[in-house]
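One structure is given below, encoded as structure tokens.
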Amino acid sequence: QVQLVESGGGLVQAGGSLRLSCAASGRTFSIFSRYSMGWFRQAPGKEREFVAGISWSGLTFYADSIKGRFTISKNTAKNTAYLQMNSLKPEDTAEYYCALPATPYNSPNRAADFASWGRGTQVTVSS
């Protein structure tokens, strides 16, 4: 099994930046060369929503709400993916999760299509 651990969350002022990391461990050989991954977020009382994804082949996808402000990337040798968040807004406040789909070589962007999840890291943006 693959375990995912998010880090890098915290409290920032509006307009600030954070860089989230998603480290994979366990059976991780070439994990991000074979599996897509996604970042999701969930605020209290709301559904978990897709934020950004990067396919096994390196294609990137972004929700309209964050396009132009966030950048997803990965370092396959380090088994780590990243989410660089700039120009943060209070409405970005949520717990952020990274996730992998159940099978390799696909590129889903809905929470229900992802099978392995980290435990989340909190991002709070103050006004």
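Using the Kirkwood radius over C-alpha pairs as Rh, can you work out the diffusion coefficient of the stretch 87-127 via Stokes-Einstein at 4 °C, viscosity 1.567 mPa s, in µm² per second? Each step should come with its number before you reach the end.
Numbers: Rh = 11.9 Å.
Reported coefficient: 109 µm²/s.
If you find the alpha carbon centre of the stretch 1-26 and of the stretch 61-120, how far apart are they in angstrom?
Their Cα centres are 10 Å away from one another.
Short version: ³J(HN,Hα) in whole Hz for each residue of the stretch 100-114, in order, from phi by Karplus 6.51 cos²θ - 1.76 cosθ + 1.60 (θ = phi - 60°), x for Gly and Pro, what are they?
In residue order, the calculated couplings are 10, x, 6, 10, x, 6, 9, 9, x, 9, 10, 4, 5, 8, 9 Hz.
What is the Å³ per residue value for the convex hull set by the Cα atoms of the chain? Write down the numbers at each step before the final one.
On the way: hull volume 11.4 nm³, N = 127.
About 90 Å³ per residue, rounded to a whole number.
For Thr103, what charge total do you get from the other residues with a beta carbon under 12 Å from its beta carbon, if Lys and Arg give +1 and Asp and Glu give -1? Mind dumping the intermediate values first?
On the way: positive: Arg34; negative: Asp113.
Combined, the nearby Lys, Arg, Asp and Glu give 0.
What net charge do the residues around Glu6 carry, taking every other residue with its C-beta under 12 Å from that of Glu6, with Lys and Arg at +1 and Asp and Glu at -1? Mind dumping the intermediate values first?
Values: positive: Arg19, Arg41, Arg119; negative: Glu95.
Here the count lands on +2.
None of the figures in this text is laboratory data; all of them are computed from the coordinates on show. Keep in mind the model is a prediction, meaning the values are calculated, not measured. Backbone-built Cβ (ideal geometry, glycine too); neighbour counts: all protein chains shown.
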